[in-house]
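This report concerns only the one structure given below.
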Amino acid sequence: MASEANSQELKKKIQQMKLLHQIGLKIVSVFDLNELLSSVVNLTREILGYDDCAIFLVQNRKLVLKALAGFPNKVLGKEIPFGKGVVGRCAEKREIINIGDVSKCSFYIPSGLENIKSEIALPIVFSNKLLGVLTIESSKKNAFTKDDEETLDILCSQIGVAIQNINVTQSKIKEMEFLHQIGLKIVSKVELDELLSCVVNLIKDKLGYSFTGIFLPVGKKLVLKAHSMGEEAHLGFEIKFGEGVVGKSAESKEVINVGDISKCDFYIPSELKDAKSALAIPILHENRLFGVLAVESSEKNAFKKDDIKLLKILCSQIGIALRNVEMHEELQKLAITDSLTGLYNYRFFRNRLEQEITRAKRYGRPLSLIFIDIDDFKFINDNFGHLKGDEVLIAIARLILDNIRKVDSVSLS
């Protein structure tokens, strides 16, 4: 009899080792969470011969059934509160709950399967964070020994590592997709307002922050040029360099992360009335400040290292896009202005003259043109050189620019 018992014990040990080996192989080869969990419960039930096996994951302070073997599929998604039943108690206490006889357990919740006599639940933990619970049932009393507990505890450690790896991988994939998507969106924008609006709305839609704004430097101030709050926030809000979270970020060209604004003596209240934490990241390109990305949350300590890392990469993209907008504007200006005097060139004159003629005809108003001639300009060039002639042209251009009214162009649409 002793020999038979030893043989049974050896067989069980081999099965346990086989399970851990197979799960280990799955962990390194599977990158889909549902596929991983399904493999774990099916392999555990199949190799160790238990009646049923299930994995619950923590979601919003509840345990949600995510994978099962031996149960009808209709119970998938079932929720158990912390502290309720064997699974809930395991999660609450973060310790193994081994019930040898469920008929004598006051907090046992029947699974719906017949002839269940014992149940074990083990916490799935990674880096002191509870991820879920592995639960197994048997039609035998006292089915789970100390050896079973040790083996299943190792299994839960493997599951915890696998879940964390998949979560990190999926998170990185989403980050890369987001950065790729926003890169494609903003690289094609050459109008400043359109670019900034596109950026704040993409951040709002993809990252879900309570408030996102972009400040651009105007003189010695930073001016809010775009935000994600619709009509709830007002464009044009100004912050001086060195003041507030945004101003300090601009002045130092460093990230400023305030986990609790109630303890920050330099925080300037924003349009987000229930703000709890604030983050400002400088938008730089080749170490030149193009602006500041401001993000706020209604939660304390909302911005972690991963958030900052992602947003810093994003700000690099925004910096490049803003430089592209600037270059586009410079090229547009060069196309319609004289490089020497800064006055509009003949190309612009022709286009504007056509617009003004059309407008004069539409409203029945007179249109006048003024022609200016410089007397003896050839004499200046011939006797003093073309450089002196250029100086005269520049001086006259400055006189003209200083004495004409600045008006916006009229749209004819």
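The values are calculated or read from the model by the stated rules, or taken from the named source; none is laboratory data. Keep in mind that what you see is a predicted model, and the values were worked out from it rather than measured. Cβ atoms come from the backbone with ideal geometry, glycine included; neighbour counts cover every protein chain shown.
Only one of the numbered conditions (1) closer than 30 Å to ALA397 by Cα; (2) touching a His at 6+ places or on another chain (Cβ under 8 Å); (3) not basic (Lys, Arg) is not met by ILE320, and that is (1). Counting only residues that are among the basic types (Lys, Arg) and not in a strand (DSSP E or B), which one in the range 237-267 is surrounded by the most Cβ atoms within 10 Å (Cβ to Cβ)? Here the residue is LYS248. Within the range 333-382, if we keep just the residues that are surrounded by 10 or more Cβ atoms within 10 Å (Cβ to Cβ) and of a type in the set (S, T, N, Q), the residue that is farthest from the chain's Cα centre (by Cα) turns out to be ASN381.
Against the condition among the hydrophobic types (A, V, I, L, M, F, W, C) and under 26 Å from LYS300 (Cα atoms), how does VAL133 come out, does it pass? Spelling it out, it is not the case that VAL133 is among the hydrophobic types (A, V, I, L, M, F, W, C) and under 26 Å from LYS300 (Cα atoms).
I'd like the full set of residues that are outside any loop (DSSP other than H, G, I, E, B) and under 35 Å from the mean Cα position of the chain (by Cα), limited to the range 90-103.
As a first pass, look at the range 90-103 and keep what is outside any loop (DSSP other than H, G, I, E, B): 90-93, 97-99, 102-103.
Across the range 90-103, the qualifying residues are CYS90, ALA91, GLU92, LYS93.
Within the range 96-113, identify whether any single residue is buried (at least 18 other Cβ atoms within 10 Å of the Cβ), farther than 21 Å from ARG61 by Cβ, of a type in the set (Asp, Glu) and assigned by TED's automatic domain parsing to the domain that holds PHE31, and answer yes or no. No, the range 96-113 contains no residue that is buried (at least 18 other Cβ atoms within 10 Å of the Cβ), farther than 21 Å from ARG61 by Cβ, of a type in the set (Asp, Glu) and assigned by TED's automatic domain parsing to the domain that holds PHE31.
Look through SER39, SER111, SER106 and report the one residue that is hydroxyl-bearing (Ser, Thr, Tyr), modelled with pLDDT under 95 and under 34 Å from the mean Cα position of the chain (by Cα). Outline the logic, then answer.
On the way: SER111 fails: under 34 Å from the mean Cα position of the chain (by Cα); SER106 fails: under 34 Å from the mean Cα position of the chain (by Cα).
One residue alone meets the criteria, SER39.
Scanning the range 340-355 for residues that are in a helix (DSSP H, G or I), in contact (Cβ under 8 Å) with a residue 24 or more places away in the chain and within 20 Å of LEU401 (Cβ to Cβ) returns a single hit, ARG352. Checked against the criterion of being in a loop (DSSP other than H, G, I, E, B), touching a residue at least 40 places away in the same chain (Cβ under 8 Å) and of a type in the set (A, V, I, L, M, F, W, C), the range 373-394 has no qualifying residue.
In the set GLU137, GLU92, GLU119, only one residue is in the same structural domain as ASN60 (by TED's automatic domain parsing) and free of Cβ contacts under 8 Å to residues at least 12 places away in the same chain; that residue is GLU92. A Cβ distance below 8 Å, combined with a sequence gap of six or more or placement on separate chains, defines the contacts here; from the range 168-195, residues that are at positive phi reach no residue that is at pLDDT 75 or above. When THR151 is tested against (1) out of contact with any helix residue (DSSP H, G or I) (no Cβ under 6 Å at 6 or more places or on another chain); (2) not in a strand (DSSP E or B), exactly one condition is not met: (1).
This table checks each residue for (1) outside the structural domain of HIS227 (by TED's automatic domain parsing); (2) surrounded by 12 or more Cβ atoms within 10 Å (Cβ to Cβ); (3) part of a loop (DSSP other than H, G, I, E, B).
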site	(1), (2), (3)
PRO269	no, no, yes
ALA275	no, yes, yes
GLU299	no, yes, yes
ASP306	no, yes, no
GLN317	no, yes, no
GLU326	no, yes, no
LEU331	no, no, no
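In the condition set (1) assigned to a helix (DSSP H, G or I); (2) touching a Cys at 6+ places or on another chain (Cβ under 8 Å), ILE281 is compliant with all but (1).
Identify all residues within the range 82-135 that are among the acidic types (Asp, Glu) and under 14 Å from ALA54 (Cα atoms); write none if there are none. Scanning the range 82-135 gives a single hit, GLU119.
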